[in-house]
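Accompanying notes for the structure given below.
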Amino acid sequence: MRVLVTGGTGFVGSNLVRELLKGGHELVISGDRSEQVPQGFSGLCIEGDLAAIDWTKAGKLDAIFHQAANNDTTSLDSAAMMRANVEASLALFAYAVETGCKKIVYASSTAIYGDAPAPYREDQELHPLNPYAESKRILEERAAEFVREHPRMTIMGLRYCNVYGPGESHKGKRASMIYQLAQQMKNGNPRIFKNGEQKRDYIYVKDVVRANLLALAAGKSGVVNCGSGSATTFNDLVTHLNAALGTNRVPEYIDNPYVGRYQDYTECDMSLAKKEIGFVPAFDIKRGIADYFASGSLV
């Protein structure tokens, strides 16, 4: 297949590119070479602002994995979020129609659930707490509309939930809590929000890559959760990292500056993902952190 991976120099995108290369696919990516060019990739990389990319440079495609987004959950710039996450996505979908590409898998986010009760089910009411989450909610609505208008296409959204793993180090403050805490714990105690009992569903990037491939193969439209199906507190996360790193750090608690637009508890019900695309997570938090550490990318 000839495949476009948007955000192919980013975290999830670069991991996906490496897996697709193993399958012998012809790849085109979009992104920024200052992030990372996946090892083994020597094809076309379309660079530029996501909201202004000329998708015709990609040529004819058989499938698209749309990973690129403005994913700064602390940004309050709604207009910028809409341009990058909704308008750019719809332009890409339109290009797919024009060139005969009928299969798209795109990244959504469990941020759209906001402070709705967990475990999250795809059919429950959404309550996004920030512009990023709102842009993903709108994208899902527009994607559903697009499929109704173009019934020969399949467009599947994956609601990512706190992805972590090799390839995220360039993300800075947007890297996972697992990566950020590990960096702190190399030299001292980690700082977490009071009282460390916030719970997160962390999914390992290898599972996310597999979910994308299964979603494409399923040939269905819709949206499903993409998490591990189990939540871990920040306090327990420090314990797991101590075990992997061989340290004995204790948390230092700080005030949460994002009260009112911060998710205290995320966890995914993964039953629909299993039914619709056959995805069952393979990595629990302990196995994921151990594999991450073994990769040499965690510290």
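The values are calculated or read from the model by the stated rules, or taken from the named source; none is laboratory data. As the structure is a prediction and not an experimental result, all values here were calculated from the model. Glycine gets a Cβ as well: all are built from the backbone with ideal geometry, and neighbour counts include every protein chain shown.
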Wholly within the stretch 1-78, strands (runs of 3 or more DSSP E) carrying at least 3 residues that are in contact (Cβ under 8 Å) with a residue 60 or more places away in the chain: 2-6, 63-66
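Please work out which residue is farthest from MET156 (Cα to Cα), limiting yourself to the stretch 217-231 and to residues that are under 16 Å from the mean Cα position of the chain (by Cα) and surrounded by 21 or more Cβ atoms within 10 Å (Cβ to Cβ).
Ranking the candidates gives SER228 first.
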Among all residue pairs at least 6 apart or on different chains, which show Cβ distances below 9 Å where the first residue, located in the stretch 189-208, is closer than 20 Å to ASN248 by Cβ and surrounded by fewer than 16 Cβ atoms within 10 Å (Cβ to Cβ) and the second is modelled with pLDDT of 95 or more and among the acidic types (Asp, Glu)? ASN189/GLU252; ARG191/GLU252
What number of residues within the stretch 79-100 satisfy the criterion of being in contact (Cβ under 8 Å) with a residue 60 or more places away in the chain and not hydrophobic (A, V, I, L, M, F, W, C)? 0
Testing LYS171 on (1) surrounded by fewer than 18 Cβ atoms within 10 Å (Cβ to Cβ); (2) at pLDDT 95 or above; (3) outside any loop (DSSP other than H, G, I, E, B); (4) touching a helix residue (DSSP H, G or I) at 6+ places or on another chain (Cβ under 9 Å), one condition comes back false. Which one is that? (2)
Looking at ASN70, is it crowded, with 22+ Cβ neighbours inside 10 Å and closer than 21 Å to ARG261 by Cβ? no
Considering only residues that are within 15 Å of VAL209 (Cα to Cα) and touching a strand residue (DSSP E or B) at 6+ places or on another chain (Cβ under 9 Å), look in the stretch 275-290 and name the one that is surrounded by the fewest Cβ atoms within 10 Å (Cβ to Cβ). ALA282
Which of the residues spanning the stretch 75-115 are out of contact with any helix residue (DSSP H, G or I) (no Cβ under 8 Å at 6 or more places or on another chain) and β-branched (Val, Ile, Thr)? VAL97, THR99, THR110
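In the stretch 120-145, which residues are in a helix (DSSP H, G or I) and touching a strand residue (DSSP E or B) at 6+ places or on another chain (Cβ under 6 Å)?
Passing the criteria: LYS136, GLU140, ALA143.
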Breaking point among (1) assigned to a helix (DSSP H, G or I); (2) under 21 Å from TYR132 (Cβ atoms), for ALA94: (2)
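Do we find a residue being out of contact with any strand residue (DSSP E or B) (no Cβ under 9 Å at 6 or more places or on another chain), assigned to a loop (DSSP other than H, G, I, E, B) and among the polar types (S, T, N, Q) anywhere in the stretch 98-119?
Scanning the stretch 98-119 turns up no residue that is out of contact with any strand residue (DSSP E or B) (no Cβ under 9 Å at 6 or more places or on another chain), assigned to a loop (DSSP other than H, G, I, E, B) and among the polar types (S, T, N, Q).
Have a look at ALA107, ALA143 and point out the one that is under 24 Å from ARG210 (Cβ atoms) and under 15 Å from the mean Cα position of the chain (by Cα).
ALA107
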ALA211 vs (1) of a type in the set (A, V, I, L, M); (2) modelled with pLDDT under 95; (3) under 17 Å from TYR120 (Cβ atoms): all pass except (2)
Any idea how many residues of the stretch 146-168 are surrounded by 15 or more Cβ atoms within 10 Å (Cβ to Cβ), out of contact with any Cys (no Cβ under 7 Å at 6 or more places or on another chain) and in a loop (DSSP other than H, G, I, E, B)? 7
Within the stretch 244-263, count every residue that is in contact with a helix residue (DSSP H, G or I) (Cβ under 8 Å, 6 or more places away or on another chain) and touching a residue at least 12 places away in the same chain (Cβ under 8 Å). 7
